[in-house]
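> So that we are looking at the same thing, I have put the structure below in structure tokens.
The values are calculated or read from the model by the stated rules, or taken from the named source; none is laboratory data. This is a predicted model, so every value here is computed, not measured. Ideal geometry is used to build each Cβ from the backbone, glycine not excepted, and the neighbour counts take in all protein chains shown. Note: areas computed on protein heavy atoms with side chains; ligands, DNA, RNA excluded. Shrake-Rupley method; radii C 1.70, N 1.55, O 1.52, S 1.80 Å.
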Amino acid sequence: MREQYRHWQRIPTRWADNDVYGHVNNVVHYAFMDTVINTWLIGAGLDIQAGQQIGLCVESHCNYRASVSFPEALDAGLRVGHLGRSSVRYEVGFFFEGREDVVAEGHFVHVFVDRETRKPVEIPAHLRSAMEGLVVA
């Protein structure tokens, strides 16, 4: 399963991530997905402050496979499941740090839009090129 992901980032959990049941709350997984994707996008050259194009999340989903609690850390794998003209479907797998056990699997769909008009635009060439490196067959 790990070999299906192209980019990796370690995500530490925080005390505040635990809910009253003693595990990382489900909404935190969505924040982790957002963090992994946007960290990668910024590294690939997306200018989140002043760029003409921005990515808006239009869909997200997460399947939970195991419980994780603070102070555990997760290995987050990122890949691209679909690359369209103006949209991209990122897929994220969360694994216990250094292990094969899957904690959660999710996806996040970004549509790239003009910052001012919010109308869909083509994914910028430099980002598309970087995203192609994350595509899995």
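> Based solely on its DSSP helices, what 222 nm [θ] is calculated for the chain when runs of n ≥ 4 H residues each add -39,500 (n - 2.57) and the sum is averaged over all residues, nearest 500 deg cm²/dmol?
Rounded to the nearest 500, the figure is -6500 deg cm²/dmol.
> Count charges around P12 for me, please; just the other residues with Cβ under 12 Å from its Cβ, Lys/Arg as +1, Asp/Glu as -1.
Once positives and negatives cancel, what remains is -2.
> Okay, moving on. Got a number for the accessible area of E97? Probe 1.4 Å, square angstrom, nearest 10.
90 Å²
> Something else about it: Over all directions, what mean area does the Cα convex hull of the chain project, stated in square nanometres?
8.5 nm²
> To continue, here is another question. Within the set of other residues whose C-beta is less than 11 Å from the C-beta of G51, count the net charge using Lys and Arg as +1 and Asp and Glu as -1.
The answer is -1.
> On a C-alpha basis, how far is the centre of region 20-54 from the centre of region 86-100 in Å? Whole number, if you could?
Using only Cα atoms, the two centres lie 12 Å from each other.
> Also, I was wondering about something else. Could you look at region 2-133 and say what percent of its accessible area is carbon and sulfur, using a 1.4 Å probe and all protein chains?
50 percent
> Which net charge results for the neighbourhood of S60, defined as the other residues with beta-carbon distances under 13 angstrom from its beta-carbon, given Lys and Arg at +1 and Asp and Glu at -1?
Computed value for this residue: -3.
> Calculate, for the chain, the solvent-accessible area per residue in square angstrom, rolling a 1.4 angstrom probe over the heavy atoms of the protein chains.
53 Å²
> Can you tell me the dipole magnitude for the chain around its Cα centre, using point charges on the Cβ only (Lys, Arg +1; Asp, Glu -1), in Debye to the nearest 20?
The calculation lands at about 300 debye.
> Of N25, T35, N63, which is farthest towards the positive pole of the chain's charge dipole, taken about the Cα centre with +1 and -1 on the beta-carbons of Lys, Arg and Asp, Glu respectively?
It is T35, whose Cα lies furthest towards the positive end.
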